[in-house]
Amino acid sequence: MNYRYIGKTGLRVSPICMGTMTFGTQTPDEKVAFAIMDKAYDAGVNFFDTAELYPVPPNKKLAGLTEEIIGRWLKSKPRDSIILASKVAGAANGWFVPPIRHGMTAIDSFHIERAIEGSLKRLQTDYIDLYQMHWPDTVVPIEESLKAFDRLVQSGKVRYIGTSNDTAYGTTKALMTSQYKEFARFESIQNNFSLLNRRFLDELASLCKKEKISLLPYSPLGGGVLSGKYNQASVVSGRFSAYVNSSDKRQQLMAARFVNKKTLAATQKYLKIAHDAGLHPVTMATAWSKQFDFVASTIIGATTAEQLDASLAAMDLELSEEILRACDEVHEDILYPMG
């Protein structure tokens, strides 16, 4: 296993991270969730990612259920054999209001402290290895946020901190604040990154390289689109199949961003590249997302244990220069299909 370090930390993680956001909704059976995590763990995956807001789609009644499921599963494993990541819900001042703490979430001292206590209780552990800001707060000064995160590190409840869904400006501002205030710094950034969404390469990749921050890509399959299931003529089950017909405006917009003429056209080309190379499209897409020196671990998801096979096949796979060039040509032909 080629383990990698996150940022400047002592967190040594597998190149594949097990994402858990479907546990409780798309994966309603706890036994199935356990089977998924067991299979990933037995394959050498030591990195598991969750959030206080999960499962998705966010729901007031279900929020926190995913952490509870993981907490029960953790009891069957040596705690220090697992690198566990979770997140405090982002601020409610953006386009989405988290259905927790009465829709008043913020990345301030009060909410960070409430969030960590809730997560630790549900996860049945006394520490979290990587605690992340789920998305930035545009109102609360980053100084206050980082001061609160730093207290968690000093108390031992959290080993390291990271950000998610952040910008180059926001990440740089946070790094400079940590440096001058001598607070713990963000060691990772968890952003959307896939063959269908290369925006991270525009600016953030350079920042990660220079400042030694690790990207933890989520949605390496472009929300499942790169599996090719949405290119089929028949109706398929999937998150965005449900989102298209949702009354929730946010879910409709997400579906339109992930599943559109450009993403489907690009996916068709990627499917051919994978076929010609003798690779499962899921394996190729997952391998591509982790084949960058600024990436520590790529976050995969599954609703059944069987679905893991194609993703886990990418664990030690390195794509050839020929395949990488072919993928680049698709991007040049259909630029930024997700916008």
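When A233 is evaluated against the numbered criteria (1) open to solvent by 50 Å² or more (accessible area, probe 1.4 Å); (2) in a loop (DSSP other than H, G, I, E, B); (3) within 27 Å of S119 (Cβ to Cβ), which criterion, by number, is the only one it fails?
(3)
Taking segment 241-280, which residues are within 22 Å of the chain's Cα centre (by Cα), open to solvent by 30 Å² or more (accessible area, probe 1.4 Å) and of a type in the set (S, T, Y)?
S241 - this is the single residue of segment 241-280 that is within 22 Å of the chain's Cα centre (by Cα), open to solvent by 30 Å² or more (accessible area, probe 1.4 Å) and of a type in the set (S, T, Y).
Identify the residue in segment 307-328 that is part of a helix (DSSP H, G or I) and not charged (D, E, K, R) and, among all such residues, is nearest to R198 (Cα to Cα).
This residue is C327.
Of all residues being open to solvent by less than 20 Å² (accessible area, probe 1.4 Å) and among the polar types (S, T, N, Q) in segment 193-212, which is nearest to Y160 (Cα to Cα)? Just the residue, please.
Among residues in segment 193-212 that are open to solvent by less than 20 Å² (accessible area, probe 1.4 Å) and among the polar types (S, T, N, Q), the one nearest to Y160 (Cα to Cα) is S194.
Condition (residue is at pLDDT 95 or above, out of contact with any Cys (no Cβ under 9 Å at 6 or more places or on another chain) and assigned to a helix (DSSP H, G or I)) applied to segment 45-61: is it met by at least one residue?
no
The values are calculated or read from the model by the stated rules, or taken from the named source; none is laboratory data. Every value quoted in this text rests on a predicted model; they were computed, and no experiment measured them. Every residue, glycine as well, gets a Cβ built from its backbone with ideal geometry; the counts of neighbours run over all protein chains shown. Keep in mind that these areas ignore ligands, DNA and RNA; they rest on the heavy atoms of the full protein, side chains included. Shrake-Rupley method; radii C 1.70, N 1.55, O 1.52, S 1.80 Å.
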